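Only the coordinates and a few stated rules stand behind these numbers; no lab work does. It should be emphasised that the depicted structure is a prediction, and the values quoted were computed from it without experimental measurement. Because the Cβ atoms are built from the backbone with ideal geometry, glycine has one as well, and the counts that use them run over all protein chains shown.
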Number of protein chains: 4
Amino acid sequence: MKRFIFEQRVRWEDCDPGGLIFYGNYFRYFEAAEEELLRSTGTSEWEMKQKYNIALGKTDVGIQFFAPALYDDLIEVQTWIPEYDDKRYLMRFEVYKQGTETLLCKAHAKVICMQKGGERLRAREHPPELLEILETYAEEGARKEKIR
Amino acid sequence: MKRFIFEQRVRWEDCDPGGLIFYGNYFRYFEAAEEELLRSTGTSEWEMKQKYNIALGKTDVGIQFFAPALYDDLIEVQTWIPEYDDKRYLMRFEVYKQGTETLLCKAHAKVICMQKGGERLRAREHPPELLEILETYAEEGARKEKIR
Amino acid sequence: MKRFIFEQRVRWEDCDPGGLIFYGNYFRYFEAAEEELLRSTGTSEWEMKQKYNIALGKTDVGIQFFAPALYDDLIEVQTWIPEYDDKRYLMRFEVYKQGTETLLCKAHAKVICMQKGGERLRAREHPPELLEILETYAEEGARKEKIR
Amino acid sequence: MKRFIFEQRVRWEDCDPGGLIFYGNYFRYFEAAEEELLRSTGTSEWEMKQKYNIALGKTDVGIQFFAPALYDDLIEVQTWIPEYDDKRYLMRFEVYKQGTETLLCKAHAKVICMQKGGERLRAREHPPELLEILETYAEEGARKEKIR
């Protein structure tokens, strides 16, 4: 299994008066990691969105915290795909203090591929470029008939 | 059981190019709801932090999304305490489009009360003002020997 | 001259490790103040944007800081229109610690009304609802032939 | 004169429903550019803050906008020091769409070096590492007796 690695400096404006990252700002870093993961295989989220008129919507996100990320820390976001079907995928994230084995947090995001254009968004099949990306970072046996 | 109600206008700068709230920004609204819940019973998070030299740290947060909150929507964050012990509490959130029964998302946050001052933070017992607040918004039977 | 008053609690996640508001986050509060100013006269920015297919774009913004706004402070944003013409307006902001005469910062935003729909946005005349709002909060003599 | 170059991808969560960067979020990018400028000469803002117990406070910031930065654009922030004295410095920023000569915005930030530790912060002389950095990116003749 291949993990995508995204490095991020913990920024002043992302930290709170406690001197550590405001937990909600982790989702900024995860969103950036997801965009760069998609870009790493030759296309980009934005190109796919325009080409296929799709939206990639989150249906479930969460984080478990183990140790704080402090201002000016360099952190490493590791991302991979533990499971996906033809319309959905699950991403997992592990965040480490860069150059160490200190696990700062674990997170997940469930994503659904949707067609834009009408009043409401409806689930649709992943475009081929997206499927290819999912396979690149998928765990063994990640491809399912149907995930929830 | 009593729920704390926090109203929030969905702001332009909290929304993304899709026209709906960037999911990570929900945690801004939940943090504000939590602060106002604590303030509603006569003290405030900041007063307690200073008086007792404590920090209230999140150990686990998550959101499940059912319908989007759009720019300029008025939303209602309902908050309550489904369980707590003498050092931790769990908050639940349900977000509705104001004046409707449209559930936009459900969320949770696990919180631990910690003593500041040393190199590391350690779990400590809730100060009495905090316990009182937890009881005010607790579900029946929420008080546990120990929650995880 | 009438000033629009907008109260805001300085939130944990808007503050930095120095314990005071990250200066860039003031623009969040100013944006909210502008939206509520527009709403206070019976319409809303969003309604006008949809009805007339316009965008209200900033061309120049700035802040001068005199004293810090600290976490959990209640601040009062005072807003008014020192000058406007038929396509542009200038907003001024003064921020006080609520209930005091302590001026925390002064700010401004120049706004241009633009027509959406083509490839590029072009300046256009304010819709009548917007003109009415500008007049409500305008300084004496604010109406100009042309502002820069 | 040497300019410091900082590249930034315009992120989904930094853009608004108009599809372009929310103007207040530029200050996030400028803050990151400033941190990396300081780091580029061998120390870091955080190291200096801890070593000398200083704070670098903004007293005046502003942006003039010429063209929008859109979601997923790669932008180049160019930064330099047009003037400084022994306690203050002025930074200027120009933002270009990467690889083009399209100027998106110009900005500035006035910064004051302050001593922490007492009830109030007081202006103090720049530590030697900071002075060296200012000289590295200073315009010719930037060193003044006293700037306002």
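Values for this structure:
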read-out	value
Burial ordering of B:ASP16, C:ASP72, fewest other beta-carbon atoms within 10 Å first	C:ASP72, B:ASP16
Debye intensity ratio in log₁₀ form over the Cα atoms of the range B:4-136, taken at each q of 0.11, 0.15, 0.19, 0.21 Å⁻¹	-0.42, -0.74, -1.05, -1.19
Simple spin-label estimate for D:ASN53 and D:LYS146 in nanometres, 7 Å along Cα-Cβ	2.7 nm
For B:62-75, mean number of other protein chain Cβ atoms within 10 Å	3
Span from the the range D:104-138 Cα centroid across to the the range A:126-144 one, whole angstrom	49 Å
Value of relative contact order over the range B:4-136, rounded to a whole percent, pairs C-alpha under 8 Å and six or more apart	27 percent
Dipole in debye (nearest 20) - the range B:4-136, about Cα centre, beta carbon charges: Lys, Arg +1; Asp, Glu -1	500 debye
Counting DSSP beta bridges with both ends in the protein assembly as shown, the antiparallel % (nearest 5)	95 percent
Residue of chain B nearest the B-to-A rotation axis [by Cβ], rounded angstrom distance	B:GLY62, 1
For the range B:44-96 and the range C:10-57, distance of Cα centres in Å	23 Å
Residue order, fewest to most beta carbons within 10 Å, for A:MET48, D:MET91, A:MET114	A:MET114, A:MET48, D:MET91
For A:23-36, mean number of other protein chain Cβ atoms within 10 Å	5
Gyration tensor (alpha-carbon) shape descriptor, the range D:26-67, a/c threshold 1.5	oblate
Structure-based [θ]222 nm, chain A - -39500 (n - 2.57) summed over DSSP H runs of at least 4, per residue, nearest 500	-6000 deg cm²/dmol
At most 15 other Cβ within 10 Å, DSSP loop - GluC sites (Glu not before Pro), the range B:55-148	B:GLU101, B:GLU119, B:GLU125, B:GLU140, B:GLU145
Other protein chain Cβ atoms within 10 Å, averaged over every residue that makes up D:105-114	1
Alpha carbon Rg of the protein assembly as shown, scaled by the compact-globule rule 2.2 N^0.38 Å	0.98
Fraction of antiparallel bridges per DSSP, chain A only, in percent to nearest 5	95 percent
The range A:71-148 - share of DSSP beta bridges that are antiparallel (%, nearest 5)	90 percent
Fewest-first ranking of C:ARG120, A:ARG39, using other Cβ atoms within 10 Å as the exposure measure	C:ARG120, A:ARG39
Dipole magnitude of the range B:8-66 about its Cα centre (Cβ charges: Lys, Arg +1; Asp, Glu -1), debye to nearest 20	120 debye
Cα-projected label distance for B:THR100 with C:GLN98, points at 7 Å along beta-carbon direction, nm	3.0 nm
